[in-house]
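S.K.: Have a look at this one.
Nothing in this text is a laboratory measurement; each read-out follows from the coordinates by a stated rule. This is a predicted model, so every value here is computed, not measured. Using ideal geometry, Cβ is built from the backbone for each residue, glycine included, and neighbour counts are taken over all protein chains shown.
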Amino acid sequence: MELQAIPAISDVPAERWNALAGTDNPFLRHEFLAALERHGAVSRENGWAPHHLLLYDADRLVAAAPAYLKGNSWGEFVFDFAWANAYERNGLDYYPKLIIAVPYSPVNGPRMLLDPALPADALRHALADGARQMAAELELSSVHWLFADSPDMAALEDSNYSLRLGCQYHWRNAGYADFDDFLAGMSSKKRKNIRRERRRVTEQGLQMRTVHGDAADPALWEALHGFYEKTFYEHGNLPVITRECFMELGAVLGDRMVLFVAEAQGEPVAGAVCLRSADTLYGRYWGAARDYDGLHFEACYYQGIDYCIAHGLDRFEPGAQGEHKVARGFLPVLTRSAHQLFDPRFQTAVDDFLARERPAVEAFATDMMAEAPFRADALEQLPHD
């Protein structure tokens, strides 16, 4: 088998990429990755130079991975700025590095897309070893697999990558009949707090509606993109996704893009942009024309829970960080990434750091689980990873 790299996702036909197992996750679909590249969100200028990995057996594409030569560490959500600073202090270049990830999206899932007709273990090890060999030949500093799922991580650890843990907060569906059924497993105080937050939204004259991507008209996209830009600028970030990119994603992903829109007197005033797979809802972007009491929680959390219950989805990943999510029914979940640095001195230092960081992350997740709003009997009924 031969590993190749391409500088644009358009260099491989969409049907061949999407035929590989793993693309139920919308962030891994050819259409999603192509839209980011076509509209400039993913570009060398933004620090994301496409370098997608393709594994061939003769002329048959048997595996692939979304990969990038990164000129910075922004938009990754697995923070290695201290590693980069250490390289710089020693007169070495940390960038470019090779990362296998979804741009700007801390979403969990497969990073190795595999031909379902072939043995998965051999393909995973070929990608793990091939990515490292390719990065070494390019004289890059390192290779990083971000937010990989358990089967990929097992292959990466078996190939001697170093494990890094993180913590997110996910909602799990215990077969709830409706939102009140979900609240029934909580303590009385937590139920009242959530109902008060939801009530405040309607008391301010706001109405919520759900729109799938292919049903959103240009005026709605214009409004939502304006909210997205406003939020990013207010937090000192650069909004790299254009309105046209959002519109294309809505058109090509259809009902795999889910918009929760808040309206006042029929006009949109806020919204949350989500994507979904067959079993998981992913929260991505949020913004509002102005501050409304409790609206962020309604649009970004409670509407998503309602949607998951109504559509039978198992999980809701609302995004990175945010301990405040625990009180609203999102419980700590460990995330995993794999890393290889080619300078043995720095690899040794990173391994030492990770050996101390991992138990600290696990202890933090345990502490946050103790803050769960559910009664003990209801907590036992929740699905576990």
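S.K.: Please work out the C-alpha center-to-center distance from the range 142-184 to the range 333-360 and express it in whole Å.
M.R.: Result: 18 Å between the Cα centres.
S.K.: For Cα Rg over 2.2 N^0.38 Å, pick the label among (1) 1.84; (2) 1.16; (3) 1.01 that corresponds to the value derived from the coordinates.
M.R.: (3)
S.K.: For the charge dipole of the range 174-313, defined by +1 on Lys and Arg C-beta atoms and -1 on Asp and Glu C-beta atoms about the Cα centroid, which residue among I309, A289, N193 has the Cα displaced farthest towards the positive pole?
M.R.: Towards the positive end, the residue furthest out is N193.
S.K.: Now for a separate question. Which of the lysines could a cross-linker span from K230 if the Cα-Cα distance has to be under 30 Å and same-chain partners fewer than 8 positions apart are dropped?
M.R.: The qualifying lysines are K70, K325.
S.K.: What is the order of C274, C245, C308, fewest Cβ neighbours within 10 Å to most?
M.R.: C245, C308, C274
S.K.: Under 15 Å Cα-Cα from K189, which aspartates and glutamates qualify once same-chain neighbours fewer than 8 residues away are excluded?
M.R.: D180, E197, E371
S.K.: Relative contact order for the chain using alpha-carbon pairs under 8 Å, separation at least 6, rounded to a whole percent?
M.R.: Normalised by residue count, the contact order of the chain is 20 percent.
S.K.: If I take R0 = 22 Å and measure r between the Cβ atoms of H384 and A136 in this structure, what FRET efficiency does the formula 1/(1 + (r/R0)^6) give, to the nearest 0.05? Could the numbers behind the result be given before it?
M.R.: Details: r = 38 Å, r/R0 = 1.75.
For H384 and A136, the calculated efficiency is 0.05.
S.K.: Another one. Under 8 Å for C-alpha pairs, at least 6 residues apart: give me the relative contact order for the range 227-319, rounded to a whole percent.
M.R.: Details: 129 pairs, mean separation 24.5, N = 93.
Relative contact order of the range 227-319: 26 percent.
S.K.: Using a Förster radius of 51 Å, what is the FRET efficiency between A370 and R345 based on their Cβ-Cβ separation? Nearest 0.05, please.
M.R.: Working from the Cβ atoms, E equals 0.85.
S.K.: Amide H to amide H, which residues 5 or more places from T335 or on other chains are under 5 Å from it, using H placed in the peptide plane?
M.R.: G166, C167, Q168
S.K.: Once amide H atoms are built 1.01 Å from N in the peptide plane, which residues 5 or more positions from R29, or in another chain, come under 5 Å H to H?
M.R.: HN-HN under 5 Å from R29: empty list.
S.K.: Under 10 Å, Cα contacts only: if you run a Gaussian network model on the chain, which one of F77, F147, F364 comes out with the highest mean-square fluctuation?
M.R.: With Cα springs under 10 Å in the chain, the top fluctuation among F77, F147, F364 is at F364.
S.K.: Right, next: Quote the charge dipole size of the chain about the Cα centre in Debye, to the nearest 20; the model charges only the Cβ of Lys and Arg (+1) and of Asp and Glu (-1).
M.R.: In total the dipole reaches around 1040 debye.
S.K.: Residue farthest toward the positive end of the dipole of the chain, with Cβ of Lys/Arg at +1 and Asp/Glu at -1: which of S277, F330, V12?
M.R.: F330
S.K.: Can you give the charge dipole size of the range 174-313 about its Cα centre, rounded to the nearest 20 debye, using +1 on the beta carbon of Lys and Arg and -1 on the beta carbon of Asp and Glu?
M.R.: 680 debye
S.K.: Here is a further query. Mean residue ellipticity at 222 nm from the helices of the chain, using -39,500 (n - 2.57) per DSSP H segment of n ≥ 4 over the full residue count, to the nearest 500 deg cm²/dmol?
M.R.: -11000 deg cm²/dmol
S.K.: Tally the DSSP beta bridges in the chain and give the antiparallel ones as a percent, rounded to 5. Please report the intermediate quantities before stating the final value.
M.R.: On the way: 58 of 65 bridges.
In the chain, DSSP labels about 90 percent of beta bridges as antiparallel.
S.K.: Determine ³J(HN,Hα), in whole Hz, for all residues of the range 16-29 in sequence, where each value follows from phi through the Karplus function 6.51 cos²θ - 1.76 cosθ + 1.60 and θ = phi - 60°; x replaces Gly and Pro.
M.R.: After applying 6.51 cos²θ - 1.76 cosθ + 1.60, I find 6, 4, 6, 6, 7, 5, x, 8, 4, 5, x, 6, 9, 6 Hz.
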